[in-house]
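Working notes, structure below.
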Amino acid sequence: MRSSYTVVMEIAGPAAMFTRPDTGGSFVSYPAPTYSAAKGIFESIARLKSAYIRPTKVEICRPVQFHRYGTNYRGPLRKVNQLKKDVSYQLKAVILVDVCYRLHGVIEEATPSPVPTNHLHALQEMFERRLRNGQCHAMPCLGWKEFTPSYVGPFRDSTRVEESITLDVPSMLHSVFDKAVAGTWQPTFVQNARIEKGVLEYAQ
């Protein structure tokens, strides 16, 4: 029987945004990271083409607090008249503030390893070493790129799961791609997701 290779990490920050697609142009965050967001956080630390970290659950370690947020967007997705006039698009959102999460994941095979080695263990070892040393493949973020964390690393002894949080999410984005590695755009949703005593377990 093949060994199970698991990884864990903690991430915290002043702001986070895990966008609900059904909120249109006035974005509203889910109360917790989606599966795709958690996978992206893991991959920001370490990744391989032949193996990936599948998020299994997230523990919410601070109360869920929503806050109104506004920023001026000047990117290429502005309306035609805004691009012609070179004016900003005012983006309004409802984000999360003062967040802290503990993420759990298991390493799985994406494709057969190109060399005769245990690539699952290799990814686990790389992830734990980088997390311990404060290294990363790319800057981790809490949803939106501008929401950078104040802490990324191993579990801290002072962190506790916020067991007072029990919430139902009628429909929650699961994954935005059809495959774990090198997939194409094909969003999937989980119906009746539930955060129980501060813990959200991700569907497989």
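The values are calculated or read from the model by the stated rules, or taken from the named source; none is laboratory data. Since the structure is predicted, the reported quantities are computational estimates derived from the model, not experimental observations. Cβ atoms come from the backbone with ideal geometry, glycine included; neighbour counts cover every protein chain shown.
When you check Pro114 against the structure, is it in contact with a helix residue (DSSP H, G or I) (Cβ under 8 Å, 6 or more places away or on another chain), at pLDDT below 95 and more than 25 Å from Ile11 (Cα to Cα), yes or no? If you could, list the steps in order and put the result at the bottom.
Working: in contact with a helix residue (DSSP H, G or I) (Cβ under 8 Å, 6 or more places away or on another chain): no; at pLDDT below 95: yes; more than 25 Å from Ile11 (Cα to Cα): yes.
Against the criterion (in contact with a helix residue (DSSP H, G or I) (Cβ under 8 Å, 6 or more places away or on another chain), at pLDDT below 95 and more than 25 Å from Ile11 (Cα to Cα)), Pro114 does not qualify.
Within segment 131-150, not a single residue is in contact (Cβ under 8 Å) with a residue 40 or more places away in the chain, in a strand (DSSP E or B), more than 13 Å from Arg47 (Cα to Cα) and under 19 Å from the mean Cα position of the chain (by Cα). Taking segment 21-40 as the search range and keeping residues that are over 27 Å from Thr159 (Cα atoms) and in a loop (DSSP other than H, G, I, E, B), which one is modelled with the lowest pLDDT? The extreme case among them is Gly25.
Could you tell me which residue of segment 167-188 is modelled with the lowest pLDDT, considering only residues that are among the aliphatic types (A, V, I, L, M) and either surrounded by fewer than 15 Cβ atoms within 10 Å (Cβ to Cβ) or over 15 Å from Tyr35 (Cβ atoms) (or both)? Give the derivation first.
Residues of segment 167-188 among the aliphatic types (A, V, I, L, M): 167, 169, 172-173, 176, 180-182.
Now restrict to residues that are either surrounded by fewer than 15 Cβ atoms within 10 Å (Cβ to Cβ) or over 15 Å from Tyr35 (Cβ atoms) (or both): 167, 182.
Numbers: Leu167: 96, Ala182: 82.
My answer is Ala182.
Restricting attention to segment 43-56, the residues that are at pLDDT 95 or above and either among the aliphatic types (A, V, I, L, M) or over 16 Å from Phe177 (Cα atoms) (or both) total 5. Consider segment 58-96 and keep the residues that are over 19 Å from Arg20 (Cα atoms) and among the charged types (D, E, K, R). The one that is surrounded by the most Cβ atoms within 10 Å (Cβ to Cβ) is Glu59. For segment 2-20, the set of residues classified as in a loop (DSSP other than H, G, I, E, B) and closer than 23 Å to Gln191 by Cα consists of Met17, Phe18, Arg20, listed by residue number.
Residues of segment 89-130 that are among the aromatic types (Phe, Trp, Tyr) and assigned to a strand (DSSP E or B): Tyr89, Tyr101.
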